[in-house]
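Below is one structure, written out as structure tokens; comments come after it.
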Amino acid sequence: MTSESQLELAAQALRGGRIVVLAGAGLLAATGLAPPERRGGLWDQYDVVKCATPQGLSRHPELAWTAFAAWLDQVRSTARQAGGPSAAHRALAQLDALGKLRGVVTSTTDGLVRSSGVQRVAELFGAIDRLRCTECRQRQDAPEAFDGPPACVHCGAPTRPDLVLFGEEMPREPRERTAGWVYGGGGLLVLGADLTRPPIHRIPEEMMQEGGRTVALGEVESAAVSRVRGIHIAGDLNLLLPDLVSRLS
């Protein structure tokens, strides 16, 4: 089957209702930015144990904040690219503008889905462009530059990145938002997400139980898609997603 006919089948599968998008490292890679955990990413340059664990942040704050600042700088430089982070991100924003998007669930910490103009985003592991106060727990946007923990604008206490560090529990709120979107959702569109990774590994099955179909584009585990009788189209998200959105519009 050609990619053209596969894309038409995918569009037919998603026309029945508003779509829940499950975005992962593959969507981030579509910007040309290496996900932190992959070769060439942030954790190739910095010690993940010293920077991205609660103990590391406490014991090696200078190194940790240097790593956070480097990641934020990469993300913001990507967000400022002409036309937006990537063609795939622009297509996602177009899907939202068409009123066909119920929400985006993302397992990455770049915040680029929000910066592309999509507002209904559940960031399961937080985002590097947000800070959380260590005392009052209020959240705020990260400043353009920092060399240590910025002060909370509400109470003046030190802040920390609003990220789920290794060894920390995931926050409840984005998981509850995800469940609310999936239950009653018209279909699931997977964009380069790791369907073997908790908690997102169950989402395709939950969507199937709700009567929605799953369509997966890009680098996705085919077996996980097959289990829910979904459609998987491998290839470049910057080409596939704009084509799919065009068919849906």
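Quarter the surface of the alpha carbon convex hull of the range 66-125 and you get the mean projected area, 4.1 square nanometres.
For the chain, the longest principal axis of the Cα atoms and the long axis of helix 87-97 meet at an angle of about 80 degrees.
Mean separation of Cα pairs under 8 Å and 6+ residues apart, divided by the residue count of the range 79-121: what relative contact order is that in percent?
Numbers: 29 pairs, mean separation 20.0, N = 43.
Across the range 79-121, relative contact order equals 46 percent.
Residues whose amide H lies under 5 Å from that of R227, counting only those 5 or more places away or on a different chain, are absent; hydrogens are built 1.01 Å from N in the peptide plane. Contact order, relative form, for the range 13-74: 17 percent (alpha carbon pairs under 8 Å, 6 or more residues apart, mean separation divided by residue count). Couplings 3J(HN,Hα) of the range 164-176, computed from phi: 8, 6, 4, x, 9, 7, 6, x, 6, 4, x, 5, 5 Hz, in residue order, whole Hz [Karplus 6.51 cos²θ - 1.76 cosθ + 1.60, θ = phi - 60°; x for Gly and Pro]. In the set [x] 18.6; [y] 21.5; [z] 18.1, the label that goes with Kirkwood radius over Cα pairs in Å computed for this structure is [x].
Note that the range 198-210 has calculated 3J(HN,Hα) couplings of x, x, 7, 5, 8, 4, x, 5, 5, 5, 4, 4, 7 Hz, one per residue in order, obtained from phi through the Karplus relation 6.51 cos²θ - 1.76 cosθ + 1.60 (θ = phi - 60°); glycine and proline are x.
Can you tell me the orientation of helix 3-14 relative to the chain, as the angle in degrees between its alpha-carbon axis and the longest Cα principal axis, to the nearest 10? Relative to the chain, helix 3-14 is tipped by roughly 80 degrees. Could you tell me how far the Cα centroid of the range 1-45 sits from the Cα centroid of the range 76-131, in Å? Cα centres, the range 76-131 to the range 1-45: 12 Å. Listed by Cβ neighbour count within 10 Å, with the fewest neighbours leading, Y46, Y183 appear as Y183, Y46. Principal semi-axes of the equivalent ellipsoid, √(5λ) from the alpha carbon gyration tensor of the range 138-230, are 36, 15, 11 Å from largest down. Annotation: peptides 159-170, 119-130, 24-35, ranked by per-residue average of other Cβ atoms within 10 Å with the highest first, follow the order 24-35, 119-130, 159-170.
All other residues with a Cβ under 13 Å from the Cβ of D147 taken together, and with Lys, Arg as +1 and Asp, Glu as -1, what is their net charge? Result for the local shell: -3.
Legend: ranking of residues T66, T196 from fewest to most surrounding C-beta atoms inside 10 Å; resulting order T196, T66.
For A142, the amide hydrogen comes within under 5 Å of the amide hydrogens of R130, L131, counting only partners 5 or more places away or on other chains and with H modelled in the peptide plane. Amide H contacts of A216 (H built 1.01 Å from N, in plane; Pro and chain starts excluded): V190, I231, H232, I233 sit under 5 Å, all sequence-distant by 5 or more or on other chains. For K100, K50, the sequence from fewest to most other C-beta atoms within 10 Å is K50, K100. Each residue of the range 241-249 was assigned a 3J(HN,Hα) from its phi angle through the Karplus curve 6.51 cos²θ - 1.76 cosθ + 1.60 (θ = phi - 60°); the sequence is 5, x, 5, 4, 5, 4, 5, 6, 8 Hz, with glycine and proline shown as x. Working note: 222 nm ellipticity from helices only, DSSP H runs with n ≥ 4, each -39,500 (n - 2.57), summed and divided by the residues of the chain, gives -11000 deg cm²/dmol to the nearest 500.
Packing order of peptides 204-210, 216-222, highest average first: 216-222, 204-210 (average count of other Cβ atoms within 10 Å over each peptide's residues).
We did not get these values from a lab; they are worked out from the coordinates using the rules stated. On a predicted model such as this, the values are computed, not experimentally measured, just so you know. Glycine also receives a Cβ, built like all others from the backbone with ideal geometry; neighbour counts cover every protein chain displayed.
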